[in-house]
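The values are calculated or read from the model by the stated rules, or taken from the named source; none is laboratory data. As the structure is a computational prediction, the values presented were derived from the model and not from experiment. Cβ placement follows ideal geometry from the backbone for every residue including glycine, while neighbour counts extend to all protein chains displayed. Only protein heavy atoms, including side chains, enter the accessible area calculation; ligands, DNA and RNA are left aside. Shrake-Rupley method; radii C 1.70, N 1.55, O 1.52, S 1.80 Å.
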Amino acid sequence: MSIINLFPLTIIKDKINMNDNEKVKMIEEIRLMKKNSKNKDYQTQSNAWTGDTQGYEFIHKNKSFGKLFDEIKKRVLEYLKCVEIDNKLIDIYIQRSWATISEGEERIKKHRHFQSHISFAYYLKKNKEDSNLVVFDESYKNEIMPGIFRSDTALQKGIVKKMNQFNVTQAIVNIEEDDIVIFPSKTIHSTQPSKSNKERISISADIICVAKDSKLLEMGLPPLNEWTRI
Ligand SMILES: [Fe+2]
């Protein structure tokens, strides 16, 4: 017997080894952003601090992060290579980027990045015990009985004997400091709940791909210089 698995979700993971001085500088800048938050009431007790909601959503324009973003760009090109998108035929834009800080049991709830195509998370500061990334499936292709692989009682009763790679609907991606993960922006993701974080710091961004030439091309965003503001 053979098992044929089709249509995967692909996430790439790589290391970015910045030197200690560069990392300390970025960490200090991010701590300062948190200190000078513009919308302090927005962060509830259980939620992590997210810079994009606090007035710091363009850190790719901040010089202290320049070298990091140069490295990130290389990985984004690798990601496009993986899914066979020709980067010579598209313009790639970082449209926004921000840092997150999780302290104690703070977490980032399930969400997706509606306004972009490719997203990433780079882990600037992370202890082994800090929360990892969780990704959620939405297609449930093998869920022959609707809802059965999302049901705690189905597991308790033993109808579903255990979760495995063929029935799982959410998965933990284990992350270490200096890792970057790149994934489709539409992927639902969160941080691991009920984990105690010791100032876990990550950096995320949203990336858009625009066709350099839209002639005879039905899908994809046409070049920005063809757009007209109304
Ligand atoms: Fe996210």
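Within the stretch 84-110, the set of residues being open to solvent by less than 60 Å² (accessible area, probe 1.4 Å) and either of a type in the set (A, V, I, L, M, F, W, C) or within 23 Å of residue 37 (Cβ to Cβ) (or both) comprises 90, 94, 95, 97, 98, 99, 100, 101, 102, 104, 106, 108. Has the stretch 213-230 got at least one residue that is away from the ligand (no atom under 16 Å from the Cβ), out of contact with any Pro (no Cβ under 7 Å at 6 or more places or on another chain) and open to solvent by less than 30 Å² (accessible area, probe 1.4 Å)? Checking the stretch 213-230: at least one residue is away from the ligand (no atom under 16 Å from the Cβ), out of contact with any Pro (no Cβ under 7 Å at 6 or more places or on another chain) and open to solvent by less than 30 Å² (accessible area, probe 1.4 Å).
Residue 154 meets each of the listed conditions (1) open to solvent by less than 20 Å² (accessible area, probe 1.4 Å); (2) in contact (Cβ under 8 Å) with a residue 60 or more places away in the chain apart from (2).
If you check 97, 131, 151, 194 for being modelled with pLDDT under 95 and of a type in the set (Gly, Ala, Ser), only one passes: 194. Checked against (1) more than 16 Å from the ligand (Cβ to nearest atom); (2) open to solvent by less than 60 Å² (accessible area, probe 1.4 Å); (3) of a type in the set (A, V, I, L, M), residue 144 passes all but condition (2). The residues listed here are 72, 94, 85; of these, the one that is in a strand (DSSP E or B) and in contact (Cβ under 8 Å) with a residue 60 or more places away in the chain is 94. Given the structure, is residue 127 closer than 22 Å to residue 33 by Cβ and open to solvent by 50 Å² or more (accessible area, probe 1.4 Å)? Judged against the criteria, residue 127 is a match.
Residues of the stretch 198-210 that are away from the ligand (no atom under 14 Å from the Cβ) and open to solvent by 10 Å² or more (accessible area, probe 1.4 Å): 198, 199, 208, 209. Among what's in the stretch 108-141 and is among the aliphatic types (A, V, I, L, M) and in contact with a helix residue (DSSP H, G or I) (Cβ under 8 Å, 6 or more places away or on another chain), pick the residue that is nearest to the ligand (Cβ to nearest atom). Taking the candidates together, the pick is 118.
Taking the stretch 66-75 as the range and being more than 16 Å from the ligand (Cβ to nearest atom) and either open to solvent by 30 Å² or more (accessible area, probe 1.4 Å) or within 21 Å of residue 10 (Cα to Cα) (or both) as the test, the residues that pass are 67, 70, 71, 73, 74, 75. The number of residues in the stretch 100-133 being of a type in the set (D, E, K, R) and assigned to a strand (DSSP E or B) comes to 3.
When the stretch 1-33 is filtered for residues that are charged (D, E, K, R), open to solvent by less than 100 Å² (accessible area, probe 1.4 Å) and under 19 Å from residue 100 (Cα atoms), the ones remaining, listed by number, are 15, 22, 23, 29.
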